[in-house]
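Undergrad: Questions regarding the structure given below will be posed in turn.
Where a number appears in this text, it was derived from the coordinates with a stated rule and is not lab data. The model shown is predicted, which means the values in this text are computed figures rather than measured ones. Quick reminder, even Gly has a Cβ in these numbers, built from the backbone with ideal geometry, and neighbours come from all protein chains shown.
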Amino acid sequence: MQDKTDIDAELGRLESLLPGLVAELPTEDVLKAFAAEAESLNAHAPAEHEAYIARRINCMLAAAGLVPGETEGEPCPTGIPPRAADR
């Protein structure tokens, strides 16, 4: 995955998986299942997009109540679709 459009599409897919995982699995299993789904994206991310991907994933997990709030003082976008907020 080299291009930001592809990265955003994969992040959207991952985000859409979370509600189902949360509904079906215990928290620790949700995180493991999500990490497995995100492995390909993280493994093949261009260096210039690694921080963006990490922030988006952390925001997804925080919004789902799976990890503590916003990291490193960077607020997660609210009220705006994440892809639009990060452009």
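Undergrad: Can you give the direction-averaged projected area of the convex hull of the alpha-carbon atoms in the range 1-56, in nm²?
TA: Numbers: hull surface 14.4 nm².
Mean projected area of the Cα convex hull: 3.6 nm².
Undergrad: Which whole-number percent is the relative contact order of the range 1-59 (Cα, under 8 Å, 6+ apart)?
TA: Details: 26 pairs, mean separation 28.9, N = 59.
Result for the range 1-59 is 49 percent.
Undergrad: Here's another thing I want to ask about it. Which FRET efficiency, nearest 0.05, do D29 and V67 yield, Cβ-Cβ r, R0 22 Å? Show your work: numbers first, answer last.
TA: Details: r = 15 Å, r/R0 = 0.66.
Taking R0 as 22 Å, the efficiency between D29 and V67 is 0.90.
Undergrad: Need the full-extension length gain, A36 to R13, defined as separation in residues times 0.36 nm minus the C-alpha distance. One decimal, nm.
TA: Values: separation 23, 0.36 × 23 = 8.28 nm, distance 1.33 nm.
My answer for the length gained is 6.9 nm.
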